[in-house]
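Undergrad: Pasting in a structure now, in structure tokens, and then I'll have a few things to ask.
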Amino acid sequence: MIKSKLPYTKTSIFAIMSQLANDNNAINLSQGFPGFNCDNELIDLVNKNMKKGYNQYAPMPGIMPLREIIAEKTQELYSRYYNPETEITITAGATQAIFTAITTIVNEGDEVIVFEPVYDSYVPVIELNGGTPIFLQLNSQDYSINWKNVEKSINSKTKLIIINSPHNPTGSLLSDNDLKILSKIVKDTNILILSDEVYEHIIFDNKKHESVTKYKELAKRSFVISSFGKTFHTTGWKIGYCLAPENLMKEFRKIHQFNVFAVNTPIQYAIAEYLKQKDKYLELGNFYQEKRDFFVKGLAGSRFKIIPSFGTYFQLLDYSAISKQKDFNFAKKLTVDNKIASIPVSAFYHDNYDAKVLRFCFAKTTDILEKALNILVKL
């Protein structure tokens, strides 16, 4: 018999709702992936590098041209230099980077502060490594962090704080003031930070992404995670990266080399070349804001309450004026009866806190969004 290392972990809500959507031929606005292809130019670059013979193992930390252009991009956007030789590692997507970073840091008995609603990959990895998640709930009105609660939760066992901005599932953002407060809280402590910034280029309404790399006190103690899958509509390629100061990255790579060793070689070369066109990521926010605005405008007159989304490609909708059902039951009903799938936000809380809110992914083609809106406005 196998003794489960995650005895209370169930099948991911994303897998459940996507399967339910498939079984019922429903429009799938649940799982967070783009419903359109990536740029043909990027596909051609991958093919070109395959034909050039870049089909064997890449160096364990990633190919140098890609690490170098990431260093340039980071310095240009956030005024922080990361040494491509010692402080940047290419990973098999953001999830692997998160797994590796937490495994690098967390030991038996350590406490890790996470903010709910929390992306579902964090907590299982904390528990796998013998750590204890400390759940702090974001403010219910605007999904901001109550920093006084953070201070109260810190003790000698606190090893790590995990932050996520732009935030999945809520679309909220951390501000300059938020990160200045966090800097003061962790100063003169040994607390480390994991900053999940995979939606860094998907920001709306002329707001800007506040990366922890911009803050000296945070940068020196942080693993920063990003994702090319989110940026270039290639979630199936599973490629991302981690930034960290040399002392942290040295330990990160010790784990990285034994869970993936190296990442897809021709795709690394392709992205290294593609990143030279800065507009490919700098204009991403405008691209997705048009979709968000189209989706929100289409809900005018509906019975949903729209919760503002300032980033990511997700929109939260409060359905409390439509139904008093629990969010999972309502989401299931929508999928089976109305043929549209979403994610119940209670799945992002350890205690399944139910605020009658669903998450919808608007990273879809206009015709799919129109079909979805035709359903939603009639509820």
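The values are calculated or read from the model by the stated rules, or taken from the named source; none is laboratory data. Quick caveat: nothing in here was measured; it's all calculated off a predicted structure. Backbone-built Cβ (ideal geometry, glycine too); neighbour counts: all protein chains shown.
Undergrad: Which of the residues that make up segment 66-80 are free of Cβ contacts under 8 Å to residues at least 12 places away in the same chain and surrounded by 13 or more Cβ atoms within 10 Å (Cβ to Cβ)?
TA: First, the residues of segment 66-80 that are free of Cβ contacts under 8 Å to residues at least 12 places away in the same chain: 72, 75-76.
Across segment 66-80, the qualifying residues are Glu72, Gln75.
Undergrad: Let me confirm something: among Leu66, Leu77, Leu45, which residue is within 17 Å of Gly240 (Cα to Cα) and in the same structural domain as Glu246 (by TED's automatic domain parsing)? Steps first, please.
TA: Numbers: Leu77 fails: within 17 Å of Gly240 (Cα to Cα); Leu45 fails: within 17 Å of Gly240 (Cα to Cα).
Within the list Leu66, Leu77, Leu45, the selection yields Leu66.
Undergrad: Now, a different point. Closer than 21 Å to Phe228 by Cβ and of a type outside the set (Phe, Trp, Tyr): which single residue out of Thr89, Thr103 fits that description?
TA: Working: Thr103 fails: closer than 21 Å to Phe228 by Cβ.
Being closer than 21 Å to Phe228 by Cβ and of a type outside the set (Phe, Trp, Tyr) holds for just one of Thr89, Thr103, which is Thr89.
Undergrad: Just for segment 256-268: of the residues that are within 21 Å of the chain's Cα centre (by Cα) and part of a helix (DSSP H, G or I), which one is nearest to Glu87 (Cα to Cα)?
TA: His256
Undergrad: Select from segment 138-151 the residues that are closer than 13 Å to His167 by Cβ and either of a type in the set (Gly, Ala, Ser) or part of a strand (DSSP E or B) (or both) and list them in ascending order. Explain how you work it out, then say what you get.
TA: Applying the first criterion (closer than 13 Å to His167 by Cβ) to segment 138-151 yields 138-139, 142-145.
Matches in segment 138-151: Ser144 only.
Undergrad: Oh, and also: Out of the residues in segment 1-44 that are of a type in the set (S, T, N, Q) and not in a loop (DSSP other than H, G, I, E, B), state the one that is surrounded by the fewest Cβ atoms within 10 Å (Cβ to Cβ). Working first, answer last.
TA: Keep residues of segment 1-44 that are of a type in the set (S, T, N, Q), which gives 4, 9, 11-12, 18-19, 22, 24-25, 28, 30-31, 37, 40.
Those left that are additionally not in a loop (DSSP other than H, G, I, E, B): 18-19, 22, 28, 40.
Values: Ser18: 19, Gln19: 15, Asn22: 12, Asn28: 21, Asn40: 8.
Of everything passing the filter in segment 1-44, Asn40 is surrounded by the fewest Cβ atoms within 10 Å (Cβ to Cβ).
Undergrad: Hey, among Glu197, Glu210, Glu127, which residue is touching a Pro at 6+ places or on another chain (Cβ under 9 Å), of a type in the set (Asp, Glu) and surrounded by 21 or more Cβ atoms within 10 Å (Cβ to Cβ)? Break it down into steps so the answer makes sense when it comes.
TA: Details: Glu210 fails: touching a Pro at 6+ places or on another chain (Cβ under 9 Å); Glu127 fails: surrounded by 21 or more Cβ atoms within 10 Å (Cβ to Cβ).
The match here is Glu197.
Undergrad: Can you confirm whether segment 231-245 contains a residue that is surrounded by fewer than 22 Cβ atoms within 10 Å (Cβ to Cβ) and more than 29 Å from Met50 (Cβ to Cβ)? Before you say what the answer is, go through the steps one by one.
TA: Of segment 231-245, the ones surrounded by fewer than 22 Cβ atoms within 10 Å (Cβ to Cβ) are 231, 233, 235-238, 245.
Checking the rest, the ones that are also more than 29 Å from Met50 (Cβ to Cβ) come to 245.
Checking segment 231-245: at least one residue is surrounded by fewer than 22 Cβ atoms within 10 Å (Cβ to Cβ) and more than 29 Å from Met50 (Cβ to Cβ).
Undergrad: Further question on the same structure: Do you know which residues across segment 47-62 are in a loop (DSSP other than H, G, I, E, B), surrounded by 20 or more Cβ atoms within 10 Å (Cβ to Cβ) and at negative phi?
TA: Selection gives Ala58, Pro61.
Undergrad: Which is surrounded by 19 or more Cβ atoms within 10 Å (Cβ to Cβ), touching a Gly at 6+ places or on another chain (Cβ under 6 Å) and not polar (S, T, N, Q), of Pro166, Pro117?
TA: Selected residue: Pro166, the only one of Pro166, Pro117 that is surrounded by 19 or more Cβ atoms within 10 Å (Cβ to Cβ), touching a Gly at 6+ places or on another chain (Cβ under 6 Å) and not polar (S, T, N, Q).
Undergrad: Can you tell me which residue within segment 96-113, out of those that are free of Cβ contacts under 8 Å to residues at least 60 places away in the same chain and outside any strand (DSSP E or B), is surrounded by the most Cβ atoms within 10 Å (Cβ to Cβ)?
TA: Let us first name the residues in segment 96-113 that are free of Cβ contacts under 8 Å to residues at least 60 places away in the same chain, namely 106-113.
Checking which are outside any strand (DSSP E or B) leaves us with 106-110.
Details: Val106: 24, Asn107: 10, Glu108: 8, Gly109: 10, Asp110: 17.
Per the stated criteria, the residue is Val106.
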